[in-house]
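Student: The structure under discussion is supplied below as structure tokens; questions concerning it will follow.
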Amino acid sequence: MVQSLPRLKETASQTAGPYVHIGLTPNYCDISGVFPEDLGARMMNEKTKGERVTYKMRVIDGTGSIVRDALIEIWQADAAGLYNSPSEPRGKADPHFTGWGRQASDKETGVFTFESIKPGRVPFTNGRLQAPHVSIWIVARGINLGLQTRMYFGDEPEANAADPVLTALEHQNRVPTLIAPRTGDTYNFDIHLQGEKETVFFDV
Amino acid sequence: MKNERPETGGFFQRDRTWQPPAFSPGYKSTVVRSPQRAPVSFGNTLSEITGPVFGRSLLGPLDNDLTVNYAKPGENAIGPRIVVYGRVLDENARPVPNVLVEFWQANAGGRYRHKKDGYLAPLDPNFGGCGRTITDEDGNYWFRTIQPGAYPWPNGINDWRPAHIHFAIFGHGFVQRLITQMYFEGDPMIWQCPIVRTIPDRKAIEGLVAALDMASTVPMDARAYKFDIVLRGRRSTLFENKLEGN
């Protein structure tokens, strides 16, 4: 026998289910009067520093159908590359930018729309700079454990080509699944849950 | 003694043999929504280690009382009155303070206040079904609600969900984020549920079953159920062999 390690096991995940919006975006599903507004609906205000951009995301299942009952949360650095978090050791982030957003999809189109600013660059574990990116968490009916991925910016080809995460991917033909092309001020990002174009998901 | 320095250690690797696999055909919705390729791993960067924090000013006075937060003045939701309480801990068994905990559930008849729920059981005009709270300095949380009902759902021709409350928990880092469901001690429906059974390890399922705690009941008012939640643990920066902050 050896000494015991006093560690606990992480609580098991369970699906968010089809009614996740009751809990996380109640105003979106017509439960009004409990919370004044849905949390994460606004990430910034007029004083936020940085270039205004829009992310339009879709989630697509293995049959090619658009998933409308998912919920997406995003987390990103401010324009200077700092996170608005007590765990950010490098300095104080823009107080007018939360860095965190949560959205349900448009009921008709299935598009998740985030109004945000383009993030600055954040270092990798070895100190090399990563390309600008947005961390993404997806939950839905049929997803047992929230899916983690990232969105990179299509108009940053040089940064993307040197990004430590993207360059380390074994299957370089999958890199485009993480890059959102830019049209005007909008980045369009389709997340494929499975199939030929399956998005790269992370276990980090 | 509290550690006031920012936490900058990376998180322990998630045990994916303990968590339910993405592809779990007994729960049919997973079949076309489960990634088939292996997820890609890399060491935690600040993008994973940091996360949003919510202040107590976010909370309204009724946010943690589902018996009244949607009810008309002077009225109450129908159903067995309960208090749910517990602690949010990490895998190091340390409390996780100041994190937002959100919850939602069906009413006492097993019906959700949602356009897509067509179950026969009626809506309760005084029950919305959502609430939230923030853990205190010791990781404690609690809320008041009514015990939800079991309900049938379209999977097999006769599958039922055991009574449950959904939880979404923030940690201090974005990759600690967890979504789960709490079940109730003694419910025989738990072990028949295809969603519960996506979890491979019986011990992991038992970790989702809240204990009836008669010592914490509110006499002549509400029974109490204790539900502790464990988030991923953080490595100590003591052992880091590189400069803090990467």
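Student: Select from region A:124-149 the residues that are in contact with a Lys or Arg (Cβ under 9 Å, 6 or more places away or on another chain) and farther than 27 Å from residue B:19 by Cβ and write down the one among them that is surrounded by the most Cβ atoms within 10 Å (Cβ to Cβ).
Tutor: A:131
Student: Being within 16 Å of residue A:73 (Cα to Cα), modelled with pLDDT of 95 or more, hydrophobic (A, V, I, L, M, F, W, C) and surrounded by fewer than 20 Cβ atoms within 10 Å (Cβ to Cβ), is that true of even one residue in region A:165-187?
Tutor: Within region A:165-187 (the criterion being within 16 Å of residue A:73 (Cα to Cα), modelled with pLDDT of 95 or more, hydrophobic (A, V, I, L, M, F, W, C) and surrounded by fewer than 20 Cβ atoms within 10 Å (Cβ to Cβ)), the answer is no, since none of the residues qualifies.
Student: To continue, here is another question. Name the residues in region B:164-181 that are more than 9 Å from chain A (Cβ to nearest Cβ) and either without any contact (Cβ under 8 Å) to a residue 40 or more places away in the chain or assigned to a strand (DSSP E or B) (or both), would you?
Tutor: Within region B:164-181, B:165 is the sole residue that qualifies.
Student: Take residue B:103 and tell me if it is assigned to a loop (DSSP other than H, G, I, E, B) and among the aromatic types (Phe, Trp, Tyr).
Tutor: no
Student: Out of the residues in region A:15-67 that are in a helix (DSSP H, G or I) and under 20 Å from residue A:146 (Cα atoms), state the one that is nearest to the other protein chains (Cβ to nearest Cβ).
Tutor: A:23
Student: Another one. Give the number of residues within region A:68-86 that are within 8 Å of chain B (Cβ to nearest Cβ) and part of a strand (DSSP E or B).
Tutor: Matching residues across region A:68-86 total 2.
Student: Given the conditions (1) within 24 Å of residue A:71 (Cβ to Cβ); (2) in a strand (DSSP E or B), report the number of the one that residue B:155 does not fulfil.
Tutor: Result: residue B:155 passes all but (2).
Student: Separate question: Evaluate the following for residue A:121: is it farther than 25 Å from residue B:97 by Cβ, crowded, with 22+ Cβ neighbours inside 10 Å and within 17 Å of the chain's Cα centre (by Cα)?
Tutor: The answer is no for residue A:121.
Student: Do any residues in region B:187-204 that are within 14 Å of chain A (Cβ to nearest Cβ) and within 20 Å of residue B:154 (Cβ to Cβ) have Cβ atoms under 6 Å from those of residues that are part of a loop (DSSP other than H, G, I, E, B) and of a type outside the set (S, T, N, Q), where the two are at least six apart or on different chains, and which pairs are they?
Tutor: Hits for this filter: B:190/B:162; B:193/B:162; B:194/B:26; B:194/B:27; B:195/B:27; B:197/B:26; B:198/B:20; B:198/B:27.
Student: Follow-up question, since we're still on this one. Of A:165, A:175, which residue is more than 15 Å from residue A:58 (Cα to Cα), part of a helix (DSSP H, G or I) and in contact with a helix residue (DSSP H, G or I) (Cβ under 6 Å, 6 or more places away or on another chain)?
Tutor: The conditions single out A:175.
Student: Looking at region A:178-204 only, could you name the residues that are under 18 Å from residue A:61 (Cβ atoms), in contact with a His (Cβ under 9 Å, 6 or more places away or on another chain) and either hydrophobic (A, V, I, L, M, F, W, C) or more than 10 Å from every other protein chain (Cβ to nearest Cβ) (or both)?
Tutor: Residue satisfying the conditions is A:200 alone.
Student: In region A:87-120, what residues are more than 11 Å from chain B (Cβ to nearest Cβ) and assigned to a loop (DSSP other than H, G, I, E, B)?
Tutor: Correct list: A:92, A:94, A:95, A:96, A:105, A:106, A:108, A:109, A:110, A:111, A:118, A:120.
Student: Take region B:26-46 and flag every residue that is more than 7 Å from chain A (Cβ to nearest Cβ) and either closer than 14 Å to residue A:200 by Cβ or more than 23 Å from the chain's Cα centre (by Cα) (or both).
Tutor: Of everything in region B:26-46, those that are more than 7 Å from chain A (Cβ to nearest Cβ) and either closer than 14 Å to residue A:200 by Cβ or more than 23 Å from the chain's Cα centre (by Cα) (or both) turn out to be B:31, B:38.
Student: May I pose another question? Scan region A:182-200 for residues that are under 16 Å from the mean Cα position of the chain (by Cα) and either touching a residue at least 60 places away in the same chain (Cβ under 8 Å) or over 20 Å from residue A:65 (Cα atoms) (or both) and jot them down.
Tutor: Across region A:182-200, the qualifying residues are A:186, A:187, A:188, A:189, A:190, A:191, A:192, A:193.
Student: Please specify each residue of region B:212-240 satisfying the condition of being under 15 Å from the mean Cα position of the chain (by Cα) and assigned to a strand (DSSP E or B).
Tutor: If the condition is that a residue be under 15 Å from the mean Cα position of the chain (by Cα) and assigned to a strand (DSSP E or B), then B:225, B:226, B:229, B:230, B:231 are the ones that fit.
Student: I'm told residue A:116 meets every condition in (1) in contact (Cβ under 8 Å) with a residue 40 or more places away in the chain; (2) over 30 Å from residue B:166 (Cβ atoms) except one. Can you identify the failing condition by its number?
Tutor: Just one mismatch for residue A:116, condition (2).
Student: Pick from B:118, B:156, B:129: which is buried (at least 17 other Cβ atoms within 10 Å of the Cβ) and of a type in the set (Gly, Ala, Ser)?
Tutor: The match here is B:129.
Student: If you don't mind, there's one more thing I want to ask. Take the conditions touching a helix residue (DSSP H, G or I) at 6+ places or on another chain (Cβ under 8 Å), modelled with pLDDT under 95 and not charged (D, E, K, R) and apply them to residue A:126. Does it pass?
Tutor: For residue A:126, the condition - touching a helix residue (DSSP H, G or I) at 6+ places or on another chain (Cβ under 8 Å), modelled with pLDDT under 95 and not charged (D, E, K, R) - is met.
The values are calculated or read from the model by the stated rules, or taken from the named source; none is laboratory data. Since the model is a prediction, treat every value here as computed from it, not as a measurement. Cβ coordinates were reconstructed from backbone atoms using ideal geometry, including for glycine residues, and neighbour counts include every protein chain displayed.
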